[in-house]
1. If you scan region 22-56, which residues turn out to be of a type in the set (A, V, I, L, M), out of contact with any Ser or Thr (no Cβ under 9 Å at 6 or more places or on another chain) and outside any helix (DSSP H, G or I)?
2. Does SER31 qualify as being without any contact (Cβ under 8 Å) to a residue 24 or more places away in the chain and either surrounded by fewer than 10 Cβ atoms within 10 Å (Cβ to Cβ) or within 14 Å of the chain's Cα centre (by Cα) (or both)?
3. Given (1) without any contact (Cβ under 8 Å) to a residue 24 or more places away in the chain; (2) farther than 29 Å from HIS13 by Cα; (3) over 16 Å from the mean Cα position of the chain (by Cα), identify the lone condition not met by GLU87.
4. Being farther than 20 Å from HIS13 by Cα and over 14 Å from the mean Cα position of the chain (by Cα) is the filter here; which residues of region 35-62 pass it?
5. Being surrounded by 12 or more Cβ atoms within 10 Å (Cβ to Cβ) and under 16 Å from LEU54 (Cβ atoms) is the filter here, so list the residues in region 12-28 that pass it.
6. Condition first: within 30 Å of PHE86 (Cα to Cα) and at pLDDT 80 or above. Can you find one or more residues in region 7-14 that meet it?
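The values are calculated or read from the model by the stated rules, or taken from the named source; none is laboratory data. These numbers come from a predicted model, not from an experiment. Glycine also receives a Cβ, built like all others from the backbone with ideal geometry; neighbour counts cover every protein chain displayed.
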Amino acid sequence: MISTHLTKNTWLHQIPGGIKLLTLSFTTVFSIFINDVVFALTFLIFVLLLFSSLGKPGFFKLKKLLKSIGIMILIICLFQLFFVKFEHAILI
C-alpha cells in the first residue's frame, strides 16, 4: 500500500473518519460501473483536483505518486492498446 499521509493539517483532516470511509466505499463501488470514456476522464479530473486542493503538500504528494506508478500505468496502457479497442483500453 502506498502511504498518502500528509503531515500538515488540511480541510480533509477536519472531516470525521467515518464519513471519509463511507465516501471511499461508495466511490469504489460506483467506479466499477464506469463504462464511458468521458465519465472516466471526468472522474479522474475530479480526483486530481480533490488531491490538489489539499495545498502544496497534497500537490507534491500527488506528483510523487504519479512518478512512482506512472511508468507502470503507461506500460499497461500501451499493452492494452495492442489488444483491445482504444475506448476499452482507456477505461481499463
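1. Correct list: ILE32, ILE34.
2. yes
3. (1)
4. Applying the first criterion (farther than 20 Å from HIS13 by Cα) to region 35-62 yields 35-45.
Result: ASN35, ASP36, VAL37, VAL38.
5. Of all residues in region 12-28, those surrounded by 12 or more Cβ atoms within 10 Å (Cβ to Cβ) come to 12, 20, 27.
Residues satisfying the conditions are LEU12, LYS20.
6. Step one: list which residues in region 7-14 are within 30 Å of PHE86 (Cα to Cα), which gives none.
No; the residues of region 7-14 include none that is within 30 Å of PHE86 (Cα to Cα) and at pLDDT 80 or above.
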